[in-house]
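I am attaching a structure below and will ask some questions about it afterwards.
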């Protein structure tokens, strides 16, 4: 990783720690966001570019060799996804021929693009990528725009459900005294937020990345098993099985992330960490 110039578009909950991790590794990295630098807790060694990604010029991007797009929509609607994910990828793709130094552009997508919902196993060889949700269809279009513009320079990372010490939806549900019944076989998948940060930095810096990564841990789990386990840990009432929901739903994702990249290779390891860091 000598002489590489890295650009991280988006300085949110994932983009900012990616920028900081790269800076702390003494790499030349610039974080890009629309607000002023003072709004972001950036490492002193990181550079900063205040700009709208939709208005970036080839001249502004010319020196960068590797770019990561880690954005979230201003609003979680189809139009919000169009105005962020898709529009940014389409805009960068129009500049592809002019970015002569660019070796790699990484897009943080979503496993929501896999519309399967009958408990199927999914991996990077799964031929059928047919999103059900409109937002997921837009994210897939964003992937395709980058791939069309940049070819094999485009690397796609598809995270599953992101959780962490401050992403506690499942734990909050486990702490509820009166829980709604849960279907017996509703499959879910997750990745610890700190592991996702590591994955992105690795894909930015290794010599020969894969074209697609399914960024998830190594152990899919049903909502029932997860909620039951968490409820026991916090000594709350266990969930009941919803006898009216007998079908298998969700999907099981097969990770192609090197195990050595993951500090939390399964959900139990992740939630043990989260529980240890909860205020008593």
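On the basis of being more than 17 Å from residue 11 (Cα to Cα) and in contact with a strand residue (DSSP E or B) (Cβ under 9 Å, 6 or more places away or on another chain), does residue 79 make the cut?
When the stated conditions are applied, residue 79 does not pass them.
Can you tell me which residue within segment 36-57, out of those that are out of contact with any strand residue (DSSP E or B) (no Cβ under 7 Å at 6 or more places or on another chain) and part of a loop (DSSP other than H, G, I, E, B), is surrounded by the most Cβ atoms within 10 Å (Cβ to Cβ)?
Filtering segment 36-57 for residues that are out of contact with any strand residue (DSSP E or B) (no Cβ under 7 Å at 6 or more places or on another chain) and part of a loop (DSSP other than H, G, I, E, B), the one surrounded by the most Cβ atoms within 10 Å (Cβ to Cβ) comes out as 56.
Related question: Just to be sure I understand, how many residues within segment 227-263 are assigned to a loop (DSSP other than H, G, I, E, B) and over 26 Å from residue 118 (Cα atoms)?
Count: 7.
Further question: Considering only segment 86-101, state which residues are under 19 Å from residue 140 (Cβ atoms) and in contact with a strand residue (DSSP E or B) (Cβ under 8 Å, 6 or more places away or on another chain).
The answer is 88, 89, 92.
Tell me, please, whether a residue that is in a loop (DSSP other than H, G, I, E, B), modelled with pLDDT of 95 or more and surrounded by 21 or more Cβ atoms within 10 Å (Cβ to Cβ) can be found in segment 202-213.
no
Which residues, counting only those in segment 157-196, are in a strand (DSSP E or B), without any contact (Cβ under 8 Å) to a residue 60 or more places away in the chain and surrounded by fewer than 22 Cβ atoms within 10 Å (Cβ to Cβ)?
Matches in segment 157-196: 161, 167.
The values are calculated or read from the model by the stated rules, or taken from the named source; none is laboratory data. These numbers come from a predicted model, not from an experiment. Using ideal geometry, Cβ is built from the backbone for each residue, glycine included, and neighbour counts are taken over all protein chains shown.
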